[in-house]
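Each remark here refers to the structure printed beneath this line.
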Amino acid sequence: MSLPQQLRDESDFDQLPDNIPVTATIADIEEKKGFIVYYRFVIEVKTKGNSKYLIYRRYRQFFTLHQSLELKYSAEAQPGYYTCQLPTLPGKVFMGNKKEIAESRIPELNNYMKRLLCLPTWVLLDDLIRMFFYQTELDSQQVPRALRRLRPPTRKVKTVKPKADLLSAPRAEAVFDFSGSGRLELSLKAGDVIFLLRRVNADWLEGTVRDKTGIFPESFGGASKSGNRAQSSYSCLRCYLLQPEGIDIRDICVEEDLSIQPSYKDLLSQMRYLYPLEDIALNYRDPEGDLIRILDDEDIAFMVQESKQTGSKVKRPVNQFPWELLVTHAKDLTVYNTEY
């Protein structure tokens, strides 16, 4: 790996630990819907020891880091020997489209991180910088959406049909849905078994699903010769569609902690995608086994709270939510116990 010239010229650089970050590049931005909608930057970090990983940072975390470094190292705030010229951080923007603002900041933040990691080695050892670029447990549990800035040149992807002996090839199982961009990228649904053909680059693989061949991000599927699902930070929700002709049971995998309380709107949207019916209702079973219809976020909160009290009595896989969803036709009231 080629290190920045400023670092290679430092005589004591070789004495630094291998986990010191030496380059950082924004691979993508991701929209996050918390109490407000915001965008975070997906950053690929490479270390002196040639390892690489992804971290997820908001602009305000850059701003907090820069403020702390200014108080510690700027000549104006701290006159003395241990001062240095810090790079310029792009300022705050208070109005405008949030996505466009995040996109416009990418080249500026890339330049900021490049110059920051070119500072003297005694600055790189500062805990402020090391902790900013450190991959936290939460970072390691995230699954990147697409990493579009790390995508390989798709013109190099072969479109020939795979060999007939696919069953002997390594396999991966999709852990999350992935929507391919263009005909050369493979669209996946959670649970799809992917027959692996080759590695395209450090982040993308080429494979086949249902006679379709294309590339996909490695982080969306865990490779395994036996075809078993690789370990990943996902949680499963058991869902039932109750119909006169029978019950359709499905599991969906989501990028959420088991303790999360989703919104009614998000669950309804997910179930409409899972069961493409015109008019559906969401339900759960109370401790007595009766079906209870869910109408709003308060009902979701009550369902989650009730599952915490009764969930320990039911044995479930470690990555499965303690509550389950039962989907019915909205006009079908026969599923409810109306006898009191």
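What the table below lists for this structure:
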item: Cβ-Cβ under 9 Å pairs, at least 6 apart or on other chains, region 50-61 side open to solvent by 50 Å² or more (accessible area, probe 1.4 Å), far side part of a helix (DSSP H, G or I) and of a type outside the set (Gly, Ala, Ser); result: Gln61/Phe132
item: Selection status of Ser263, open to solvent by less than 60 Å² (accessible area, probe 1.4 Å), among the polar types (S, T, N, Q) and more than 11 Å from Trp323 (Cβ to Cβ); result: yes
item: Close pairs from region 70-98: first of a type in the set (S, T, N, Q), partner modelled with pLDDT under 80, Cβ under 6 Å, at least 6 apart; result: Thr83/Ala75
item: Pick from region 266-276, criterion open to solvent by less than 60 Å² (accessible area, probe 1.4 Å) and farther than 14 Å from Val304 by Cβ, ranking: modelled with the lowest pLDDT; result: Leu274
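Yes or no, residue by residue, for (1) outside the structural domain of Cys253 (by the TED database); (2) assigned to a helix (DSSP H, G or I); (3) within 20 Å of Lys32 (Cα to Cα); (4) at pLDDT 80 or above:
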residue	(1), (2), (3), (4)
Lys72	yes, yes, no, yes
Ala75	yes, no, no, no
Gln78	yes, no, no, no
Tyr81	yes, no, no, no
Cys118	yes, no, no, yes
Lys158	yes, no, no, no
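The values are calculated or read from the model by the stated rules, or taken from the named source; none is laboratory data. Just so it is clear, the model here is predicted, and its values are computed rather than measured. Here the Cβ is made from the backbone with ideal geometry for all residues, glycine too, and neighbour counts use every protein chain on show. What goes into the accessible areas is simple: the full protein's heavy atoms, side chains included, and nothing from ligands, DNA or RNA. Shrake-Rupley method; radii C 1.70, N 1.55, O 1.52, S 1.80 Å.
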